[in-house]
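Taking it in order: structure first as C-alpha cells, then the write-up.
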Amino acid sequence: MSLCARYKQASNPKPKYYYRIGDYRPHRRFTQSKGYAVKYLHPLSMVTVVLVASVLSLACNRVGLAQVESKSESPAEGKSAVTGLEYVPPDAMLVASIRPAALLSHPAVKNLRDIVAKDEMSQRLFGMPLADISQITAIPLPADRPDARDAFGFVIHTVNPIDEQGILDVVAPSAEKKKFEGHVYYQDKPRRQLRYIYFPDNRTVIFADQEAAFQHLIHAGRSGAGSADWTKSWSAAKDAHVAIVGNPDQIKAFMDKATAGAPEGALQTIAPLWNNGTNAIVSLVLDEQLKLRGQYTCKTPADAPETEKALKAVLALATSRFENLQQQLTSNTRTPKLASTFTGLALQLLKEITIEQKGQIVRLQAKIDAQTTSQLLAQLATEVQSSRNRAQRRLSFNNIKHLGLAMHNYHSVHGHFPPPTLLGPDGKTVHSWRVALLPYLDEQELYDEYHTDEPWDSPHNKKLVKKMPSTFGHPIAKTEPGYTSYFVLTGKETAFVGKKGTSIRDIVDGTSNTILVVESKPEVPWTKPVDILYDSKKPLPKLGGYDPEGFCTGFCDGSARFLVHGTLEKTFRAWFTMDGGELISNNP
C-alpha cells in the first residue's frame with residue numbers, strides 16, 4: 001500500500017478543542033480539508049515577506065537552483081549534491097524553492113539583510129538564520145487525517161555543515177527519537193508547528209508538521225522527484241532564485257474534485273490549464289532586471305493554442321482583480337503600506353507579461369526595469385522593518401494572552417492567581433509561578449518531571465531549563481534556549497504579594513486597571529523564582545527593551561496591551577497597584 005493510500009485510511013479521532021487566543025472561546029484545532037489545498041502558514045509570514053522583498057534587489061549573484069555547492073561532497077561522503085528535488089515525493093502537486101543565502105549575499109540588499117539578521121522567525125522555525133540556508137524547498141502534502149489541515153514539508157539545504165544538536169535545542173528541545181524505514185528522525189511535542197525533523201546528511205534537514213506526510217518525504221529518498229516527467233521543466237529554472245513547479249496530473253485530480261458539481265461550461269475557458277499539460281514552472285530571475293518567466297509544456301502541439309488562450313484569460317482576470325484590489329487598498333487609510341507596495345508590484349508584473357506559443361510549449365515572461373526595482377527596494381526596506389515590528393509585537397501579545405488565560409484557569413481551580421513563589425512538599429524549597437502554571441499551559445508532563453522538592457538549579461531541574469514552553473520565550477530574545485522575558489510585578493501593593501496568591505475580589509482597582517504580566521530584559525532561566533520588585537517609594541522598574549516605543553503587558557482581566565514609554569509615571573504606578581484607588585485618565 002502506498003503512503004498516499006495510507007493517508008486515506010488514517011484514523012479519524014474526535015477533534016481536540018483548544019482556546020482561541022483573544023476571546024477564550026473553544027474552537028476546533030483542525031478544520032475539514034480536502035485534497036491538496038495549500039494553506040497559509042502564519043509563522044512563515046515574516047520570512048516570506050523578507051525573502052520576496054530580497055528578490056527585488058539588484059545585481060544579486062546568479063546561482064542556479066540545480067547548481068552543486070562548491071563545498072559539498074558527494075552523497076557517499078555524507079553530503080548531498082543540491083538539485084532542489086531531493087526528498088520531494090514524485091506524487092507531489094506543487095514544489096516551491098527559494099535561495100535565501102544567494103539573495104541576501106549582495107551589497108544591494110544591505111538594508112534588508114540587516115532586517116533579516118535581526119529577525120528571529122527563521123531561527124525559531126528552522127534553528128538557523130536565513131543567511132545560512134542555501135535553499136528552502138517547500139512541499140504542500142495531503143493531511144494525515146480527513147479532519148486535519150493540509151500538511152507542509154520543508155527540505156532545507158545549508159551553506160555550512162549542520163549542528164544537529166544545536167537545531168534540536170532550538171526547535172525541538174523535547175524531541176524523541178523514532179525510526180522509519182531504517183532512518184532515525186525526531187518527534188517533538190504536538191504544540192510545535194514543525195514537530196518532525198530528519199537529518200539525511202550534514203547539510204540537509206527536513207521538517208514537517210504531520211507524521212504521515214513527513215514519512216512520505218523520507219520515503220521519496222535522495223532521488224526524490226528528479227526522474228518524474230512533471231519535473232523536467234525544472235531545468236528551465238537553473239538560473240532562477242525563486243521557482244514554483246507544478247504537477248499537472250495532481251492539479252487535474254484536485255481541480256476535478258474541487259469543481260465537481262459546478263455548472264457545465266463554467267470553467268471551460270481555463271480548464272485546458274489542468275487538462276492539457278505535462279509540466280509547468282514559474283520562476284523569478286535577477287540579473288540587471290527583475291524577470292518573471294513561465295513555461296507550460298502541453299501534451300501535444302495541438303493542445304498549445306487552447307492553453308495559450310486559457311493563460312491569457314487568467315492573466316486578464318488576475319489583472320482586473322489586482323486593479324480592483326489596488327483601488328481598495330489606496331482608498332483605505334488603514335491599509336499597511338507593505339500590502340499596497342506588493343499589490344502594486346504584482347500589478348506591474350501582470351501588465352508586463354507577454355504570452356507566446358511555439359510548438360507544444362507556451363511561455364510567459366515579464367521584466368521590471370532597474371530604476372523601478374531600485375525604488376521599490378528602498379521603499380520595501382522601511383516597510384518590511386515596520387511590518388516586522390508589528391509581527392513581533394503580535395507574537396508577544398499571543399504569549400501574554402496564553403499566560404493570562406492560564407492564570408485565569410489556575411484561579412478557577414485554586415480560587416486565586418498563583419503567588420510569585422510557591423513552596424514544595426518539604427515546606428522550604430521555593431519554585432516559580434511559571435512552574436506552577438505548566439498544567440494550565442498543556443504541559444502536565446513537564447510539570448510532573450520537575451522536582452518541586454529540589455531547588456530550580458538542582459542537577460535534575462537544571463536539565464529542564466532547555467525544555468521551556470515556547471509561551472515563556474520572547475519572539476526576538478537572543479539568549480540561549482530556556483530563558484524567559486515574562487515576569488510578574490511583586491511587592492506589597494501589587495497583584496503578586498505574599499504566599500497565598502491574590503483573588504480577583506482582592507483587586508479593588510479593577511482587573512482591567514491592574515497589571516498581571518510584563519515583558520522585560522534581561523532574560524532569566526524560566527524556572528528561576530525571580531521577578532520584578534515594585535516599590536512605590538522608589539523609581540519605576542525598567543520594563544520592555546525589545547521595542548523602542550514601549551512594551552507588551554497583560555492585565556488581570558486577561559487582556560493584552562502595548563504601553564508606550566511616554567505614558568505618565570503616575571499612570572504606570574496606578575497600573576502596578578491593585579488597591580491604590582488611583583483614577584486613570586482616558587489619555588494616560
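Tabulated data for the structure shown
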{"read-out": "Leading residue by the ranking (nearest to the chain's Cα centre (by Cα)) among those in the stretch 540-588 that are more than 18 Å from Thr494 (Cα to Cα) and of a type in the set (Ser, Thr, Tyr)", "value": "Tyr546"}
{"read-out": "Ala310 in contact with a Gly (Cβ under 6 Å, 6 or more places away or on another chain) and buried (at least 20 other Cβ atoms within 10 Å of the Cβ)", "value": "no"}
{"read-out": "Yes/no for Leu464 being of a type outside the set (Phe, Trp, Tyr) and either open to solvent by 10 Å² or more (accessible area, probe 1.4 Å) or over 34 Å from the mean Cα position of the chain (by Cα) (or both)", "value": "no"}
{"read-out": "Selection within the stretch 279-292 - open to solvent by 50 Å² or more (accessible area, probe 1.4 Å) and at pLDDT 90 or above", "value": "Val282"}
{"read-out": "Selection from the stretch 324-356 of residues that are open to solvent by 70 Å² or more (accessible area, probe 1.4 Å) and either acidic (Asp, Glu) or under 30 Å from Thr300 (Cα atoms) (or both)", "value": "Lys351, Glu352, Thr354, Glu356"}
{"read-out": "Residue list for the stretch 451-473, filter: part of a loop (DSSP other than H, G, I, E, B), within 21 Å of Leu168 (Cα to Cα) and not small (Gly, Ala, Ser)", "value": "Lys463, Leu464, Met468, Pro469"}
{"read-out": "Qualifying positions in the stretch 233-257 - surrounded by fewer than 16 Cβ atoms within 10 Å (Cβ to Cβ) and farther than 25 Å from Arg363 by Cβ", "value": "Asp256, Lys257"}
{"read-out": "Residue list for the stretch 501-529, restricted to those being within 35 Å of the chain's Cα centre (by Cα), open to solvent by 50 Å² or more (accessible area, probe 1.4 Å) and either among the charged types (D, E, K, R) or over 21 Å from His411 (Cα atoms) (or both)", "value": "Lys521, Pro522, Lys528"}
{"read-out": "The lone exception for Val82 - which of (1) buried (at least 17 other Cβ atoms within 10 Å of the Cβ); (2) at pLDDT 85 or above; (3) farther than 22 Å from Lys291 by Cβ; (4) out of contact with any helix residue (DSSP H, G or I) (no Cβ under 8 Å at 6 or more places or on another chain) it fails", "value": "(2)"}
{"read-out": "Residue that is nearest to Pro481 (Cα to Cα), among those in the stretch 125-148 that are open to solvent by 50 Å² or more (accessible area, probe 1.4 Å), modelled with pLDDT of 75 or more and not hydrophobic (A, V, I, L, M, F, W, C)", "value": "Pro129"}
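Yes or no, residue by residue, for (1) crowded, with 16+ Cβ neighbours inside 10 Å; (2) closer than 30 Å to Lys462 by Cα; (3) modelled with pLDDT of 90 or more:
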position	(1), (2), (3)
Glu480	no, yes, no
Lys499	no, yes, no
Leu533	no, yes, yes
Leu540	no, no, yes
Leu543	yes, yes, yes
Cys556	yes, no, yes
Ile584	no, no, no
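The values are calculated or read from the model by the stated rules, or taken from the named source; none is laboratory data. Quick caveat, the model's predicted, so the values are computed rather than measured. Neighbour counts run over all protein chains shown; Cβ positions are idealised from the backbone, glycine included. These accessible areas exclude ligands, DNA and RNA; they are computed on the full protein's heavy atoms, side chains included. Shrake-Rupley method; radii C 1.70, N 1.55, O 1.52, S 1.80 Å.
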